[in-house]
Number of protein chains: 2
Amino acid sequence: MQDAMLKIIPIGGLGEIGLNMMVVEYQGDLLVIDAGLMFPEDYMLGVDLVIPDMEFIRRNKSRVVGVLLTHAHEDHIGALSYLMRDVNVPVYGTPFTLGVVRHKLDEIGLLGQADLREVQPGLRLVVGKFEIDLIRVGHSVVDGIGLAIRTPMGLVVHTGDFKISHAAIDGMTTDVNKFARCGEEGVLALLSDSTNVEKEGYTISDREIGETLKGIISKCRGRVIVALFASSISRIQQIIDIAHQNGRQVVYNGRSIEVTVGIAKSLGYIRIPDGMEIGIDEIGNIPDDQVVLITTGSQGEPMSALARMATGIHKQIKIRYGDMVILSSKFIPGNEKAIGKIINNLYRRGADVIYEKISAIHVSGHAFREELKLMINLTRPRYFIPIHGEYRHLVLHARLAEEMGIPKNRVMLAENGQVIEFDAGGCRISSMIQTGRILVDGKGIGDVGRSLLKERRVLSEDGFVAVTLAFDEETGIVMYGPEVISRGFVFETETGHLVDDAQCVILEAIEDIGPDVPDRIEKIRARIKGDLRKYFNYTIKRRPLILPFVLEI
Amino acid sequence: MQDAMLKIIPIGGLGEIGLNMMVVEYQGDLLVIDAGLMFPEDYMLGVDLVIPDMEFIRRNKSRVVGVLLTHAHEDHIGALSYLMRDVNVPVYGTPFTLGVVRHKLDEIGLLGQADLREVQPGLRLVVGKFEIDLIRVGHSVVDGIGLAIRTPMGLVVHTGDFKISHAAIDGMTTDVNKFARCGEEGVLALLSDSTNVEKEGYTISDREIGETLKGIISKCRGRVIVALFASSISRIQQIIDIAHQNGRQVVYNGRSIEVTVGIAKSLGYIRIPDGMEIGIDEIGNIPDDQVVLITTGSQGEPMSALARMATGIHKQIKIRYGDMVILSSKFIPGNEKAIGKIINNLYRRGADVIYEKISAIHVSGHAFREELKLMINLTRPRYFIPIHGEYRHLVLHARLAEEMGIPKNRVMLAENGQVIEFDAGGCRISSMIQTGRILVDGKGIGDVGRSLLKERRVLSEDGFVAVTLAFDEETGIVMYGPEVISRGFVFETETGHLVDDAQCVILEAIEDIGPDVPDRIEKIRARIKGDLRKYFNYTIKRRPLILPFVLEI
């Protein structure tokens, strides 16, 4: 009975954007799909990145038969190196996906211990007790796949990140026929990407984007600078083709672009006419209307190539009148202000700037509502499980499936950790496993907790005031101080001498607690804390952290 | 010659969203238009609000003849109380605008010294050497005005914040005829709101929004909760009307809504059928389908009424299945994540949620491109000056004016501080005055500078480590410490005893600098800083602030 059970166990990505990671379990075998990270949110001060809590996988590592990666984006592969510290199994992925993974592992010295196995879309892969058809899907990075996972319990279709573009420029359109064949065969459950369920209609095609870009670039008489995600290989190919048609050469700027273009070239995912590429130092030697610069920084990252151009500190590129800057990428929520600032500064330096708010030069890699409906209709699943989204996206996708005729009791709205169990009797959310977010800060993994983030917030908003004070142990006489030092806090105000007054507050506190009082040092510490807190709150309405260093010598 | 000059002097709002403030100067008289604030940006850690640097006005205060407020939004009136500390002149505004100002000044005890003078749209106001026609404009708050400022040098039209809605529900449509009459009379310069220049087409009308809201609310069988900006008086009126039609009573939640509704009611801007309003404590006594709750929190503010409902800590309202929550407001950039989190949590508690991404239940108060074109065509100005926008908005609005036929040399693209001067010979940017942003933090105005913000950022990301150490002055022997204390920083790691190791690093530093070394204390301090910095960077890749307290006793 236990054996005939199929389980779908979401580790991350169900209830959040990012951290995509899932386990499929059948007869004891565990297949891991993706191992993604998330970039920290604003309140996670000082945190570098976030990975899913993989405790469940660690505890069951002997049963893991493999890791299968759907595509090369960080929110699907970025936690792989952390998973590899605990679990050493084959990692499957398409050539470009593994190309990126290989590069990342090599950089941190983990490539030697990785068992990477290349797979091709269209083929069938056997891993443990799972037979998996790899189905090509269109997305904003090349070489993405969806999965049709066969077990005796039934066929589970996992879309990966996808959109259905019938006019992809890389020839990598979603293999709708394959999904349709799954539908004919009978799909037990469809797990589908919910990212864009709030968007009506269809994604526009990459070809249309290409036409718009061609129109802009061919009219341009100066330098053209295109900022985009380094992983947008097809877009880079489009830019190269347009540059070629317009007699322009291509320069890359930004390490991540050089890396991904290198990988894509070596694998044949990008084709560049001979002699078209030049180095950034040669840019001064050719006329303005014969160059296209492809650069990073489309999200307003402060030290990116584009940000340095916008602020005038880029070594080789000084923005000037006649330059055309194209931001061919999404404004990711949270980055709008940083991107806006760069656009403003580029305009101030005389450049013309084209961005998604004023021209259709970018398209999402995730299916809009009509495409999501098509996927449901192609696969006609018995059960529907929305994946990849915050809770509201999952809810809206669940409702969409209900509107498409899937009965409410066969739409499984689950979040991370909720185990979805299929057996002969049906499907249910059966249990809960441990999941969560691990904050990675510097070299520390998971040592940043709530209280530390709270301390950082207090420090960031009000700074601190440190008081140093030393007594003679025997006489109780003040030997040193009170010395008052602050950071992130203002001591000089129009109203006068805060430091002097703070010292008085401290001395009063000491006077009240004479040398004979038991636990004198502790009491003085507490008193200084309390009195200074009141004092600063009253005088300047701030609440710095108060740190009394009171010593007995 | 000097006397026949008209100057337009932008203090804030030209090159940024918010801080709107401008001076018009003619024959020595200065008229101030608006005094707005800005809410702090992410990097301004701990800052409460931002106001414009008003040094120019302060220096010329004897020449200021009045302050004229265009409408009641914070980005137009929020800095008035700061201006009033230096300049005591009449403040002109429409009834609702002054109602809000009166309440704000009363709260901080400044009402007594304010000379507030009510004006009506459609009338002519004489202030110093200026004759000003007040022209009604439609906006997202009632009682907004644009200005036609007459001087012998010519007529200057200032739109204020506006949109052109031909179907406003409050009857407060933009008075297009008046603007047209200005155009016939001859407009020297048009200063027009650039906020939405990136948006094609027209704003949809408030009536359409009303129809959508009516459709949603009339179908609802449970409680209806509408979150919106407290200043959206017309929208509140719509909600009340729809509630009335559906046999629902109205409850307000959130102090700012109670305040603005109170002001609007007392001035006749909002009409409420008798007995429709009930207190929040009575909500349990009436059936779910007979109540509409109007609440604050539409921007995801962490302690707002809506946020407390979403997290289940609201005293009176527990969200449950059947509740319908409508967020009738914009997702302001920077707030998306906070708003998204609230929506997710409301869904988790069983509510249905409607928000602008999935339904047309909000419209901007700022004109889209077609409306901006109409304003230019109505007024046919000789000179065009885009106002209210970041630099890119000003550029795009300037280009729009050029496309409309205004010659490039008569489109004045100016930023804060750039004085635009008109005389018989034409128009030019003649000089630069001091402007800037003043950060207000607690009771401190302007005492938070760049270096302080940088300290706060370091503290927020990496925390600090304080080392206390005391020597005997004569013998040089360590009497106390080294004691190591940290905040916002991790000391316990998997790898072991960072504190012990840090103490070793410190003791080594001391050993190297013997008792006879001159400036020993200074050298030890520097050495501890340097060595610990290297140590933490190497072991855990973090850069906390290092604070050595080294005493001689």
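The values are calculated or read from the model by the stated rules, or taken from the named source; none is laboratory data. None of these values were measured; they are calculated from a predicted model. Here Cβ is always computed from backbone atoms with ideal geometry, including for glycine, and neighbour counts include all displayed protein chains. Surface areas here come from the heavy atoms of the whole protein model, side chains and all, with no ligands, DNA or RNA. Shrake-Rupley method; radii C 1.70, N 1.55, O 1.52, S 1.80 Å.
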Practice problem: Pairs only if they're at least six apart or on different chains, beta carbon under 9 angstrom, first in region B:513-539 and over 13 Å from B:Ala502 (Cβ atoms) and of a type outside the set (Val, Ile, Thr), second at pLDDT 85 or above and open to solvent by 80 Å² or more (accessible area, probe 1.4 Å); list them, first residue then second. | Solution: none
Practice problem: Report yes if A:Tyr383 is outside the structural domain of A:Asp193 (by TED's automatic domain parsing) and hydroxyl-bearing (Ser, Thr, Tyr), otherwise no. | Solution: no
Quiz item: What number of residues in region A:69-93 are among the acidic types (Asp, Glu) and closer than 27 Å to A:Ser234 by Cα?
Solution: 2
Quiz item: In this structure, does A:Ala526 turn out to be open to solvent by 50 Å² or more (accessible area, probe 1.4 Å), of a type outside the set (Ser, Thr, Tyr) and either within 23 Å of B:Leu453 (Cα to Cα) or more than 10 Å from every other protein chain (Cβ to nearest Cβ) (or both)?
Solution: yes
Quiz item: If you go through region B:102-124 one residue at a time, do you hit one that is modelled with pLDDT of 95 or more, open to solvent by less than 10 Å² (accessible area, probe 1.4 Å) and more than 20 Å from the chain's Cα centre (by Cα)?
Solution: no
Exercise. Check A:Ser364 against each of (1) among the small types (Gly, Ala, Ser); (2) surrounded by fewer than 19 Cβ atoms within 10 Å (Cβ to Cβ); (3) within 14 Å of chain B (Cβ to nearest Cβ); (4) over 24 Å from A:Thr174 (Cα atoms) and name the one condition it does not meet.
Key: (4)
Quiz item: Out of the residues in region A:377-389 that are surrounded by 21 or more Cβ atoms within 10 Å (Cβ to Cβ) and out of contact with any Cys (no Cβ under 8 Å at 6 or more places or on another chain), which is farthest from B:Ile358 (Cα to Cα)?
Solution: A:Pro381
Quiz item: Can you tell me how many residues in region B:22-41 are out of contact with any helix residue (DSSP H, G or I) (no Cβ under 7 Å at 6 or more places or on another chain) and at positive phi?
Solution: 1
Practice problem: Could you list, in sequence order, all residues of region B:369-415 that are touching a Phe, Trp or Tyr at 6+ places or on another chain (Cβ under 7 Å) and closer than 15 Å to B:Cys427 by Cα? | Solution: B:Ile406, B:Arg410, B:Val411, B:Met412
Quiz prompt | Pick from region B:254-273, criterion in contact with a Gly (Cβ under 9 Å, 6 or more places away or on another chain) and not in a helix (DSSP H, G or I), ranking: nearest to B:Arg235 (Cα to Cα) | solution = B:Tyr269
Quiz item: How many residues does region B:458-479 contain that are within 7 Å of chain A (Cβ to nearest Cβ) and either over 52 Å from the mean Cα position of the chain (by Cα) or surrounded by fewer than 19 Cβ atoms within 10 Å (Cβ to Cβ) (or both)?
Solution: 1
Self-check item: Residues of region A:146-180 satisfying the condition of being out of contact with any helix residue (DSSP H, G or I) (no Cβ under 8 Å at 6 or more places or on another chain) and in a strand (DSSP E or B)
Solution: A:Leu147, A:Ile149, A:Arg150, A:Thr151, A:Gly154, A:Val156, A:His158
Quiz item: Does region B:218-227 include one or more residues that are over 24 Å from the mean Cα position of the chain (by Cα), closer than 26 Å to B:Leu346 by Cα and assigned to a helix (DSSP H, G or I)?
Solution: yes
Practice problem: Among the candidates B:Ile283, B:Ile319, B:Ile313, single out the residue that is of a type in the set (Val, Ile, Thr), modelled with pLDDT of 95 or more, on the phi < 0 side of the Ramachandran plot and not assigned by TED's automatic domain parsing to the domain that holds B:Val142. | Solution: B:Ile319
Quiz item: Which condition number does A:Asn335 fail, the rest of (1) open to solvent by 20 Å² or more (accessible area, probe 1.4 Å); (2) closer than 20 Å to A:Thr311 by Cβ; (3) in contact with a Phe, Trp or Tyr (Cβ under 6 Å, 6 or more places away or on another chain) being met?
Solution: (3)
Quiz item: Tell me, which helices (runs of 4 or more DSSP H) wholly within region A:1-111 include 1 or more residues that are farther than 30 Å from B:Tyr347 by Cβ and within 14 Å of chain B (Cβ to nearest Cβ)?
Solution: A:80-84
Self-check item: Restricting region B:430-476 to residues that are of a type in the set (A, V, I, L, M) and modelled with pLDDT under 80, the residue that is nearest to A:Val458 (Cα to Cα)
Solution: B:Leu459
